[in-house]
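Structure, as structure tokens:
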Amino acid sequence: MVSAPQLTSAFDFHVQVIECTQCGAPVQGVPEGGQIACAYCDARIAVERRRSPRHALATPGSPHRLAPYPSDPARDAWVRSQVTTGHQSVLDIKRYYPPDLAQLAAGAGVQTWKTQYLPTLRHHWQHAVPALHHSPDDETLQHRVFWLAVRQSMGYAFLAGDVVGQPSLELRLKQRAVLETALGLLTTTFYGDALRCRLSRAAALARDLGSARAWLADCDPHPPSVDMDGEIRLAYAALYTLEGDAQATLAVLGPAGRELPIAAYAEQLFADAYRIHAYEVLGDGATATQLHARAQARFGAPLLRGAFETLNVAHQARQAAITAAQRPLIILIGVLFGLPFALAIVITIVVLVLHYGFGID
Ligand SMILES: [Zn+2]
């Protein structure tokens, strides 16, 4: 029986966190695998070694080093030629989903996630995982497992943002366990790197810089798929943002006016948020404001504000957005409080006039 080292964050690269095969709770072990005892149901689970295609796990000190994103103009031109209007990314969780799960692809509030979406996603997941074990080469099943895993992890992340303390950590571990369980099933497929990118982004949001680098170090920085290209570039952007390197963020996403296209909808929104943040960090408020207005016209103010808050970026734009959102409220307060005040003045004048007359005899 192997016991896991202490977690530095819920997305710690040096710990393996997967779902218990019996009860589904997140269990922790070492990346090398072995026997793990579930702390929730006491089941003994045999865990495989986590596959590390580019040896991030095997290289000593690797989490502290990551080669900079390799810039390549020919590749950028290829991406621009591929990601045009109407291009459909298979990694786009919002717009590309299993047809029978369409109603679960919509956005939701906390209660809907708790009572409806997560239990339904869980139900489909429990059928899809054994089905993929049985037919690992079935591409429809691979996409289904990927989509269900990402969608569940989004739900857990959403709920985790709503609570503090220990319940938040437990939800983060669930958010991570479902992704790493899917990674174990899909590691040799197209979806393996997409899951590593998501784990890297989650580690960056948890401010676990070493793990964010390590998850990314196992990905192909120049994948042959244009859909995967956007995932990689966004994961690098999340990492560079955490490192405070605004120039590197703009280099990997493309600066204002020369933005590199990203195929998936949510990733486009996040890329805009990171770009706005980078210009704020560089002190270029004019470009940040211009990009903010454009992103707001494209995605709508509430969605953009949600992205700023989720990623904890673009503090000036957030402040401006809050002020803009408060403006109707300020006007309403002004009207509500101003009206009785104006009425009181009018009544006073009328009373004075009636009492003293017009001063004309
Ligand atoms: Zn268990």
Quick one: in the stretch 47-68, of everything that is farther than 15 Å from Val15 by Cα and among the aliphatic types (A, V, I, L, M), which residue is surrounded by the fewest Cβ atoms within 10 Å (Cβ to Cβ)?
-> Ala67
Filtering the stretch 202-212 for residues that are buried (at least 23 other Cβ atoms within 10 Å of the Cβ) and either part of a helix (DSSP H, G or I) or over 17 Å from the mean Cα position of the chain (by Cα) (or both) leaves a count of 5
Quick count over the stretch 57-107, residues being of a type in the set (A, V, I, L, M), over 29 Å from Leu141 (Cα atoms) and at pLDDT 95 or above, is 2
Checked the stretch 213-242 for anything out of contact with any helix residue (DSSP H, G or I) (no Cβ under 7 Å at 6 or more places or on another chain) and either free of Cβ contacts under 8 Å to residues at least 24 places away in the same chain or part of a helix (DSSP H, G or I) (or both); matches are Pro224, Asp227
Condition met for Gln175 (at pLDDT below 95, within 23 Å of Val15 (Cβ to Cβ), of a type outside the set (A, V, I, L, M) and assigned by TED's automatic domain parsing to the domain that holds Trp113) | no
Working carefully through the options Arg298, Arg275, Arg305, Arg294, find the one that is touching a helix residue (DSSP H, G or I) at 6+ places or on another chain (Cβ under 9 Å), part of a helix (DSSP H, G or I), assigned by TED's automatic domain parsing to the domain that holds Pro255 and among the basic types (Lys, Arg).
-> Arg275
Report whether or not Trp125 is farther than 27 Å from Tyr240 by Cα, aromatic (Phe, Trp, Tyr) and at pLDDT 95 or above.
-> yes
Answer yes or no: is there a residue in the stretch 252-269 that is assigned by TED's automatic domain parsing to the domain that holds Pro73, over 23 Å from Val150 (Cβ atoms), surrounded by 20 or more Cβ atoms within 10 Å (Cβ to Cβ) and modelled with pLDDT of 95 or more.
-> no
Ala288 being touching a helix residue (DSSP H, G or I) at 6+ places or on another chain (Cβ under 6 Å), farther than 25 Å from Asp72 by Cα and surrounded by 21 or more Cβ atoms within 10 Å (Cβ to Cβ) = yes
So is Gln111 surrounded by 20 or more Cβ atoms within 10 Å (Cβ to Cβ), without any contact (Cβ under 8 Å) to a residue 40 or more places away in the chain and of a type outside the set (Phe, Trp, Tyr) or not?
-> no
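The values are calculated or read from the model by the stated rules, or taken from the named source; none is laboratory data. None of the values given here were measured: they were computed from a predicted structure. Note: ideal-geometry Cβ built from the backbone for every residue, glycine included; neighbour counts use all protein chains shown.
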